[in-house]
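Here, each number is a calculation from the coordinates, and none is a lab measurement. The structure presented is a predicted model; accordingly, all values stated were derived computationally and were not measured. Heads up, the Cβs are rebuilt from the backbone with ideal geometry, glycines too, and the neighbour counts pull from every protein chain shown.
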Amino acid sequence: MRVIKEEVLALKESSLYAERVKNNVFPVIGEGSHSAKIMFIGEAPGRNEAKTGRPFVGAAGKLLDEMLVSVGIDRKEVYITNIVKDRPPFNRDPLPEEITAYGPFLDRQIDIIQPEVIATLGRFSMDYIMRKFGLDDVLASISKMHGRAFEAKSSYGTVAIIPLYHPAVAIYNRDSKNILMEDFKILTQYK
Ligand code: URA
């Protein structure tokens, strides 16, 4: 992980590198247990994350923390990261070329952690992970996929991929929050 961090810090080819330098902020590599059973993968850092270098510490992070508490999972026992490691300006959606640039770092993080469960947060990480594990044929919209476990083969064994809505959708929407909370319950099978 230290090597990955050094390489991301030096990733000058990324268009987001210039943003990072201009704004004097940090890339977000990830945090949590390196032997976690469950790995959460979000989209990209927001303002608070880029300021602190930590994933999910802003409003979406508070929601994520609340969800974890609701199912009795300790944040320190999981690993939390994003596909894109630098903040896109104005929190816009990550561009395909940004996902291509940062994806290999995420791939290496998965190989290091070897999680039993990959919980994707939002459609970008769902798409990336389902394709990475050869599940293109079952890939559908997140409204059809959320809250279900899809079994896949990885280099280290079987992995359950669980697409979840991004916590940001639940910040101002009570119905979405209830769906997210209901979906999180599936994770208790893998604690
Ligand atoms: N949204 C994300 O997708 N990731 C973060 O780390 C914070 C907000």
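Considered as an equivalent ellipsoid built on the Cα gyration tensor, region 1-112 has semi-axes of 23, 16, 12 Å, the largest given first.
For His34, His146, His166, the sequence from fewest to most other C-beta atoms within 10 Å is His34, His146, His166.
For region 2-190, the number of Lys pairs separated by eight or more positions or lying on different chains, with C-alpha atoms closer than 14 Å, is 9. What is the magnitude of the charge dipole of the chain about its Cα centre, with +1 placed on the Cβ of each Lys and Arg, -1 on the Cβ of each Asp and Glu, and no other charges, expressed in debye to the nearest 20? I would put it at about 420 debye.
The calculated Kirkwood hydrodynamic radius for the chain is 16.5 Å, given to one decimal from all distinct C-alpha pairs. If the viscosity is 1.567 mPa s and the temperature 4 °C, what Stokes-Einstein diffusion coefficient in µm²/s follows for region 8-70 when Rh is the Kirkwood radius over Cα pairs? Once the numbers are plugged in, D ends up at 100 µm²/s. Counting only DSSP beta bridges with both residues in the chain, what percent are antiparallel, rounded to the nearest 5? Bridges in the chain that DSSP calls antiparallel: roughly 35 percent. By other beta-carbon atoms within 10 Å, ranking Asp127, Asp93 with the fewest at the front produces Asp93, Asp127. The long axis of helix 123-132 is offset from the longest Cα principal axis of the chain by roughly 80 degrees.
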